[in-house]
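What follows is one structure encoded as structure tokens, with my remarks underneath.
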Amino acid sequence: MIRSRVLVVEDEADIRRFVRMALEQEGMDACEASTAREARMYAASSKPDLVIVDLGLPDDDGKAFIRELRGWSTVPVIVLSARQQEVEKVAALDAGADDYLAKPFGVPELLARARAQLRRAAVVSTDGQASSIVRFGGVVVDLGKHEVARDGEPVHLTRLEFRLLAALIRGRGGVIAARQLLAEVWGVHDADRAHYVRVYMTNLRQKLEETPATPRYLLTELQFGYRLVGLEAVGAAPHAV
């Protein structure tokens, strides 16, 4: 069985070793980096399956490292940080993080979140290649190829942005509660993390709506959830992503 490779980026040596040992006891291979510079080198050379990163690195802000990583990789990223304010969590998610775990944290929760990110990454990478194409407005989505175009021009979506869009497509115009999207896209059942959905819906509107402030297709139904309207099938019926 192939062991998952995890890059742990943390400047505090005790925490870094603690996380590495926990991952290795779970059957994963882990390597350590104490600076953003080391993290860039390891990320490029070892091609990890998951990155766990602290925001307070000595040579750069962790969010800057995540943004740079997102320029060339869709590897899942879990943030570990003592910063517990919602604005910090939102900023990390905006930078491209997939999950955020505040310090102090428990090993079982960290491992559960790591397993969840690795599972979802495996689903995306091994998904079938059959074409499944849908359209709303000027946006065309190929679920099989994980491709999106707006008015004929390719649009880059992050892995989680695409998963959220696919979940809305599968809803076929119905309202989907935030807690359902959290479970389906992020694999969590914590209503306190509803801001994850808000952040990523905003990202999708910025990329896919003509006027993001007054969206026509990616709608919020206050106190109920979210839905995608105006959907038309172009190819085969949508399948799970």
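Throughout, read-outs are computed from the coordinates displayed, never taken from laboratory work. Remember, predicted model here, so these are calculated numbers, not experimental data. Neighbour counts run over all protein chains shown; Cβ positions are idealised from the backbone, glycine included.
Quick notes
- Rg/Rg_ref, the chain, where Rg_ref = 2.2 N^0.38 Å and atoms are Cα: 1.03
- Most mobile of 192, 11, 99 in a GNM of the chain (Cα contacts under 10 Å): 192
- Only Lys, Arg (+1) and Asp, Glu (-1) charged, at Cβ; the chain dipole about Cα centre in debye: 620
- Most mobile of 53, 188, 77 in a GNM of the chain (Cα contacts under 10 Å): 188
- Proximal charge balance of residue 118 [Cβ under 13 Å; K/R count +1, D/E count -1]: +2
- Qualifying trypsin sites (Lys or Arg not before Pro) in the range 131-192, DSSP loop, other Cβ atoms within 10 Å at most 15: 145, 172
- Mean Cα-pair separation over length for the range 5-125, i.e. relative contact order, pairs under 8 Å, 6 or more apart, %: 23
- Per residue, the chain reaches -12000 deg cm²/dmol at 222 nm when only DSSP H runs of four or more residues are counted, each adding -39500 (n - 2.57).
- Net +/- balance of residues flanking residue 108 in space, Cβ distance below 12 Å, scoring K and R +1, D and E -1: 0
- DSSP bridge orientation in the chain - percent antiparallel, rounded to nearest 5: 55
- Convex hull of Cα atoms in the range 133-233, direction-averaged projection (nm²): 5.9
- Rg and Dmax of the range 42-95, based on Cα coordinates, read 11.1, 34 Å.
- Per-residue Cβ neighbour counts within 10 Å put 224, 105, 136, 65 in the sequence 224, 105, 136, 65, beginning with the fewest.
- Phi-based couplings in Hz for the range 74-81 (Karplus 6.51, -1.76, 1.60; Gly and Pro marked x): 9, 4, x, 10, 10, 8, 10, 7
- Over the chain, relative contact order from alpha-carbon pairs under 8 Å, at least 6 apart, %: 15
- Counting every alpha-carbon pair across the range 5-125, the share separated by more than 21 Å comes to 29%.
- Cross-link pairs exceeding 26 Å in C-alpha to C-alpha distance, out of 47/207; 103/207; 103/145; 63/207; 47/145, comprise 47/207; 103/207; 103/145.
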